[in-house]
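Shown next, in structure tokens, is the structure this report addresses.
The values are calculated or read from the model by the stated rules, or taken from the named source; none is laboratory data. Since the structure is predicted, the reported quantities are computational estimates derived from the model, not experimental observations. With ideal geometry, Cβ positions are generated from the backbone for all residues, glycine too; neighbour counts draw on all protein chains shown. Calculation scope for accessible area: heavy atoms of the full protein, side chains included, ligands and nucleic acids excluded. Shrake-Rupley method; radii C 1.70, N 1.55, O 1.52, S 1.80 Å.
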Amino acid sequence: MRDVLVLYYSTHGATRQLAQLIARGIESVPGARARVRTVPKVSTVCEAVEAAIPDTGAPYVELSDLHECIGLALGSPTRFGNMAAPLKYFLDGTVNDWLAGTLIGKPACVFTSTGSMHGGNETTLLSMMLPLLHHGMVIVGTPYSETALSTTTSGGTPYGPSHIAGPESRAPISEAEKQLAIAQGKRLAEIALQLATPR
């Protein structure tokens, strides 16, 4: 079994649900296993610290997770059209992996949850790709062969799965959003296994 890392940050739970759906898609591919991880919150108060192990949900990511994965799905809620600070903080700490080329040639996809239809979900997805491109990763989008991409009236983009959570972050993930997240996980795992197979 080869691991595909599903790394996310979630505030109200919608991004975590997308991560779980992507993980389901990954695990539908023989030979692939999802390794689901999250990042701790950050604080402007210097004395504030998070517990070493989260009370609930996925474990915190470690740099070894990047080394051991054959692909990466990266997810964040939208913050002013960009990824949330905790995820950016983690990525900013991967300079040594950038120098070592740890992620070069590995496939990656991105996903997000946004409060409103025009709340910046596409800019968040595109901005999340930037550090991955600097790491030399191969970006895997969602092709229009996924029919839900053409029929969705909520989230879902060619840049990656997305969810429209609503102003109070209570809207359930739609069927189209679910289909696209699962399909993205499957596509990522299939490509990761192909790229990881020695020729």
For Ala32, which sequence-distant residues (separation of 5 or more, or a different chain) have an amide H within less than 5 Å of its own amide H, given hydrogens modelled in the peptide plane? Arg2
Quick one: accessible surface of Thr56, probe radius 1.4 Å, all protein chains present, in square angstrom to the nearest 10. 110 Å²
Just tell me which lysines come within less than 23 Å, Cα to Cα, of Lys106; anything on the same chain fewer than 8 places away is out. Lys88, Lys186
What percentages, rounded to whole numbers, describe P(r) for segment 1-141 computed over all alpha carbon pairs with 5 Å bin width beginning at zero? 2, 10, 19, 24, 22, 15, 6, 1, 0, 0
The chain: antiparallel DSSP beta bridges as a percent of all, rounded to 5: 10 percent
Counting sequence-distant residues (5 or more places) and residues on other chains, those with an amide H built under 5 Å from that of Thr157 are Ser162
DSSP-loop chymotrypsin sites (Phe, Trp or Tyr not before Pro) across segment 100-172, with at most 10 other Cβ within 10 angstrom: Tyr144
A correct Karplus calculation of ³J(HN,Hα) over segment 58-70, with 6.51 cos²θ - 1.76 cosθ + 1.60, θ = phi - 60°, whole Hz and x for Gly and Pro, returns 6, x, 6, 6, 10, 4, 4, 4, 5, 5, 8, 7, 9
Please find the FRET efficiency linking Ile104 to Glu62, where r is the Cβ-Cβ separation and R0 is fixed at 22 Å, and quote it to the nearest 0.05. 0.65
Computed over the chain: relative contact order in percent, which uses C-alpha pairs under 8 Å that are six or more apart: 26 percent
Can you pull the accessible area of Glu62 for me, 1.4 Å probe, Å² to the nearest 10? 110 Å²
The set of residues whose placed amide H lies less than 5 Å from the amide H of Val6, leaving out same-chain residues fewer than 5 positions away, is Arg35, Val36, Arg37, Ala73
